[in-house]
1. Only sites in a loop by DSSP and with at most 12 other Cβ atoms within 10 Å count here; which chymotrypsin sites (Phe, Trp or Tyr not before Pro) in region 1-42 make the cut?
2. To the nearest 20 debye, what charge dipole does the chain have about its Cα centre, counting +1 at the Cβ of each Lys and Arg and -1 at the Cβ of each Asp and Glu?
3. Kindly give the semi-axes, whole Å and largest first, of the ellipsoid equivalent to the chain, taking each as the square root of 5 times a Cα gyration tensor eigenvalue.
4. Counting Lys and Arg as +1 and Asp and Glu as -1, what is the net charge of the other residues whose Cβ lies under 15 Å from the Cβ of L7?
5. In deg cm²/dmol, rounded to 500, what helix-only [θ] at 222 nm does the chain give when every DSSP H run of at least 4 residues adds -39500 (n - 2.57) and the total is split over its residues?
6. Taking all protein chains in place and a 1.4 Å probe, what share, in percent, of the accessible surface of the chain do carbon and sulfur account for?
Amino acid sequence: MHALRHLFASEAINEGVDVYTLADLLGHEDPAFTLRRYVHRVAGAVEKSRKAIGHRYRASV
């Protein structure tokens, strides 16, 4: 059961669910606990960030 919970949390983070929402879904009172427990490097996060910032920048120019 723990492995399924961990997979759910990891996938939610990978898909962009914010830590406050995830903490609520997991029943954690403190989002910092959720961060410490479930968040690790997200595959492709740097590239996703660059694209998101680039889209925002181009839209505002």
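1. Taking region 1-42 and a limit of 12 other Cβ atoms within 10 Å, no loop chymotrypsin sites (Phe, Trp or Tyr not before Pro) are found.
2. 400 debye
3. 27, 13, 9
4. With Lys, Arg at +1 and Asp, Glu at -1, the net is 0.
5. That comes out to -22500 deg cm²/dmol.
6. 59 percent
The values are calculated or read from the model by the stated rules, or taken from the named source; none is laboratory data. Just so it is clear, the structure is predicted and the values come from calculations on it, not from any experiment. Ideal geometry is used to build each Cβ from the backbone, glycine not excepted, and the neighbour counts take in all protein chains shown. In case anyone asks, the SASA skips ligands and DNA or RNA and just uses the protein heavy atoms, side chains included. Shrake-Rupley method; radii C 1.70, N 1.55, O 1.52, S 1.80 Å.
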